[in-house]
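Participant: What follows is a structure written as structure tokens; I'll ask about it next.
Derivation of every value follows stated rules applied to the coordinates shown; laboratory data play no part. Please read all numbers here as calculations on a predicted model, not as lab measurements. Cβ coordinates were reconstructed from backbone atoms using ideal geometry, including for glycine residues, and neighbour counts include every protein chain displayed.
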Amino acid sequence: MTKDPCQEFHVSTSLRRKSQAEKVVQAEGCFGLSLTPIFIGISAVLSGYKTYLVSLAVRDATYLIDFTIQTVSAPEGSNGQDFLAEYIIKSIRWYEHRTFVKVVGAGLPSSLRTTSPSLCSRLWLELDIVPIVIQQPHEHTERIALWLSKRVDEQADSMARKCIMNFGPSLAPLLQVAWRGIVEVDASFQAPLISLEDYKTTCSFTSWETVMHYAKNLRKHKTKIAFFSSTPQGGGVALMRHALVRFSRVMGVDLRWYVPKPHPGVFRVTKNIHNTLQGVSPEGQFITEDEKSAIREWITDNGNRYWFSEGGPLCRPEKGGADIVIIDDPQMPCLIPLIKKLTPSRPVFYRSHIQIRTDLIKDPNSPQADVWDFLWQNVKQADLFISHPMPSFVPHNVPREKVLYMPATTDWLDGLNKPMEIWDVGYYGHLYNMKCRSERMTELQWPRRKYIIQVSRFDPAKGLPTVVDAYACFREQLEKHGGISIPQLVICGNASVDDPDGIAIYDQVMTQLETKYPHLLADVSVMRLDPCDQLLNCLMSNAHVVLQLSTYEGFEVKVSEALHAGRPVIASFAGGIPLQVKDKIDGFLVQPGDWRAVAGHLMELFTNTKLHERMSQAAKTGVSDEVGTVGNALSWYYLASKWEQKGPKLELLGNEQWVNDMARSEAGQPYVEGENRLPRSFTQL
């Protein structure tokens, strides 16, 4: 191959643009600075002993904009450090700041990932860049020869072009649902965001050793685990499954996730079931027999067409099917009898993620009792009923020997939670404001003005009217107090394909503001957002106070996400929320609907700086491993390991235990005094 000459980047920003940018940041803060989104391709070829020719090619969605070629050698005394990753990270950061751009994605050949093993995770965690690893065509000799004949800058440009193909119009990686409905997370597993060593930093040594113990056992026995839920994107269940599949792939555990082909008409029915079980549906609204039949037909059709057929995840385990099956939430229970009919001894677990109004179910004439009876005819055939750790969420007719407790979880290194540099925070804040401007909505003025936020779906049970009333009362008190800048209020969340109530609840919030509090409209920002985890991260992590005022709730792990970011939380006594907030230590708990109490606590947090600082510190240091991905994997790995190898013996039954406690005890790693742990008092009857 012809030797490539060194080439510096040649694009630079005008002095006028730099001067304008400095004035904008000084006047409006980092949210005011507009950055141009770009993509980058990276390639490196060996040119000598520990010396590489490295090229970076910069592209927008259409054209090559800039490129560089540099000779990079390992510094003396590097002792095996990833010097290529260090050079590439520094070069990209320098280029972003010099030209006022935001690199969204970076394409690189699989050979470079091998040569520079820390590069992908550093791109993601340090620069907020999605790395797309492009596999080389090993099976085609001619294509391999063609690739090797290219100059290094040609290779880098090719990587940039192929990288762009993995992103959608919103510049988020495309969601991939493949044959049989298998969800291929992270752009069909082409985006290795997080390494094993990175995960290790998110939990205690004990948690890590325990999860490794069970993962080793699953790998040894080649245990196959399959999850089934209704949608691949949009809610808390989908977020947990994305994280669990990603982690399991790094761990070498065969864990897969399947969703049915979408049926928009059925989603209205499943949402009505969800609302009925939570007690927030219109009074007297029943699910008709035709609607129940529609759900049965939807699931049965998907099962027969994609999952029970030869090679499918629900065919017999000896023919390649899953050894352990987990069914998520009330959309999919009709699958359980079909699985048990084919393979009666195969373990099937039902995971309930919502607050079921068991008090209403006890009335045999209620819509709740009717819906639960429909679900229970299917759910009762499952081997375990796994609930959030609240006994009141478990209906009276579920045998207690089947009941286990497990909290909802989040991933501390995904887009929703990872720490971000101020450069990237400014990019997402500006995106939010541009979206607001396009919809004639109030823009955020942070950091000049503080703000209060609730991040949630626009759902009848999320208490959004209480949020507005509390802010109005707080504003009135703050204006009487005087001397403090008026904070803004943000209400936002992502939409979901199975959430037909979203628009109606959004309209309800806006009507409440326009009719009762028109004087607050200029200070309140209400937005339904396209999926973008980092945007929600930006908004949550920079809020002064986070609210979660749900009237009914499953667990709502957004509370733990806010605490992990060091934000004091004011939340309601609803569902699993009290398990996460330590009242008067890292936040405040109030009764659902008590907007006056919320306003009072907001006054405390905005007028008492020491209280806010003390709660912030308690919040960021007090979150349990149980609500992280490692803790979630630990629980599922334990259940899969025990049930697949030993079968449902008496000692493996639920009896209302916490799965995490069982797993830690079994591995010889019980909890010790002082270790962060969700309170068990709520489940000790």
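Participant: Net charge within 12 Å of Ala667 by Cβ-Cβ distance, Lys/Arg positive one each and Asp/Glu negative one each, not counting Ala667 itself?
Facilitator: Summing Lys and Arg as +1 and Asp and Glu as -1 gives 0.
Participant: Please state, as a whole number in µm²/s, the translational diffusion coefficient that the Stokes-Einstein equation yields for the stretch 264-346 at 4 °C and 1.567 mPa s, with Rh defined as the Kirkwood radius across alpha carbon pairs.
Facilitator: 92 µm²/s
Participant: Assuming R0 = 45 Å, what is the FRET efficiency of Ser34 and Ser73, from their Cβ-Cβ distance, to the nearest 0.05?
Facilitator: The pair Ser34/Ser73 has a calculated efficiency of 0.75.
Participant: Sticking with this one: Taking the Cα-to-Cβ direction at Ser12 and at Glu673 and moving 7 Å from each Cα, how far apart do the two end points lie in nm?
Facilitator: 6.5 nm
Participant: Report, in whole Å, the centroid distance computed from the Cα atoms of the stretch 507-559 and the stretch 194-263.
Facilitator: 30 Å
Participant: From largest to smallest, what semi-axes in whole angstrom does the stretch 551-685 give when each is the square root of 5 times an eigenvalue of its alpha carbon gyration tensor?
Facilitator: Three semi-axes, in Å: 34, 16, 11.
Participant: Further question: Once the other residues with Cβ under 9 Å from the Cβ of Thr202 are scored (Lys, Arg +1; Asp, Glu -1), what is the net sum?
Facilitator: Spelling it out: positives minus negatives among the neighbours equals -2.
Participant: Calculate the FRET efficiency for Ala21 and Arg249 from the Cβ-Cβ distance with a Förster distance of 45 Å, rounded to the nearest 0.05.
Facilitator: E between Ala21 and Arg249, to the nearest 0.05, is 0.65.
Participant: Listed here are the pairs Lys216/Lys462; Lys162/Lys558; Lys292/Lys380; Lys261/Lys380; Lys340/Lys642; which of them are more than 29 Å apart at the Cα?
Facilitator: From the list (Lys216/Lys462; Lys162/Lys558; Lys292/Lys380; Lys261/Lys380; Lys340/Lys642), the Cα-Cα distance tops 29 Å for Lys216/Lys462; Lys162/Lys558.
Participant: What three numbers, in Å, describe the spread of the alpha carbons of the chain along their principal axes, ordered from the longest?
Facilitator: 80, 72, 52
Participant: Oh, and also: What's the longest piece of the chain with no exposed GluC sites (Glu not before Pro), counting a site as exposed if DSSP puts it in a loop and it has at most 13 other beta carbons within 10 Å?
Facilitator: Longest site-free region, per DSSP loop and neighbour criteria: 440-672.
Participant: What nm value, rounded to one decimal, do you get for the distance between Ser681 and Ile503 when each label is placed 7 Å out toward the C-beta?
Facilitator: Each label point lies 7 Å from its Cα, and together they span 4.6 nm.
Participant: Right, another one. Based on the alpha carbon coordinates of the stretch 349-491, what radius of gyration and maximum Cα-Cα distance (Dmax) apply, in Å?
Facilitator: 22.0, 62
Participant: Still on this structure: Bin all alpha-carbon pair distances of the stretch 422-626 at 10 Å intervals from 0 and give each bin's fraction as a whole percent.
Facilitator: Pairs per bin, as whole percents: 9, 38, 40, 13, 0.
Participant: Can you list the residues of the stretch 451-485 with backbone N under 14 Å from a point 7 Å past the Cα of Gln285, pointing along Cα to Cβ?
Facilitator: Inside the label zone: 459-462.
Participant: For every other residue with a beta carbon closer than 10 angstrom to the beta carbon of Gln454, add +1 if it is Lys or Arg and -1 if Asp or Glu, then tell me the sum.
Facilitator: Residues close to Gln454 contribute a combined charge of +2.
Participant: Which of the three applies to the stretch 514-586, rounded, prolate or oblate, going by the alpha-carbon gyration tensor with a ≥ b ≥ c and a/c under 1.5 meaning rounded?
Facilitator: Prolate is the answer for the stretch 514-586, as a/c is 1.5 or above and a/b outweighs b/c.
Participant: Mind running the shape call on the stretch 358-398? Use the C-alpha gyration tensor, a ≥ b ≥ c as the square roots of the eigenvalues: rounded below 1.5 for a/c, prolate if a/b tops b/c, oblate otherwise.
Facilitator: Oblate, because a/c is 1.5 or more while a/b does not exceed b/c.
Participant: Sticking with this one: Just to be sure I understand: if I project the alpha-carbon convex hull of the stretch 1-146 onto a plane and average over all orientations, what area do I get in nm²?
Facilitator: 10.9 nm²
Participant: Alpha carbon centre of the stretch 99-119 versus the stretch 585-645: separation in Å?
Facilitator: 35 Å
Participant: When the Karplus curve 6.51 cos²θ - 1.76 cosθ + 1.60 is applied with θ = phi - 60°, which whole-Hz ³J(HN,Hα) does each residue of the stretch 168-178 get, with x for Gly and Pro?
Facilitator: 3J(HN,Hα) across the stretch 168-178, in whole Hz: x, x, 7, 6, 9, x, 5, 6, 10, 10, 9.
Participant: Which residues in the stretch 240-268 place their backbone N less than 18 Å from a point set 7 Å from the Cα of Trp179 along the Cα-to-Cβ direction?
Facilitator: Zone members listed by number: 256-261.
Participant: Computed FRET efficiency, Cβ-Cβ of Ser47 and Arg161, R0 41 Å: what is it to the nearest 0.05?
Facilitator: Once the sixth-power term is evaluated, E becomes 0.95.
Participant: Moving on. Which is the longest part of the chain that has none of the chymotrypsin sites (Phe, Trp or Tyr not before Pro) sitting in a DSSP loop with at most 16 other Cβ atoms within 10 Å?
Facilitator: 287-572
Participant: Same structure, new question: If you place +1 on the Cβ of every Lys and Arg, -1 on the Cβ of every Asp and Glu, and leave all else neutral, what size is the dipole of the chain about its Cα centre, to the nearest 20 Debye?
Facilitator: Computed about the Cα centre, the dipole is about 800 debye.
Participant: Please give, to one decimal in nm, the separation of the simple spin-label points placed at Arg268 and His519, each 7 Å out from Cα toward the Cβ.
Facilitator: Label-label distance for Arg268 and His519, simple model: 4.2 nm.
Participant: Please state the equivalent ellipsoid semi-axes for the stretch 229-388: what are the square roots of 5 times the Cα gyration tensor eigenvalues, largest first, in whole Å?
Facilitator: One finds semi-axes of 27, 17, 15 Å for the stretch 229-388.
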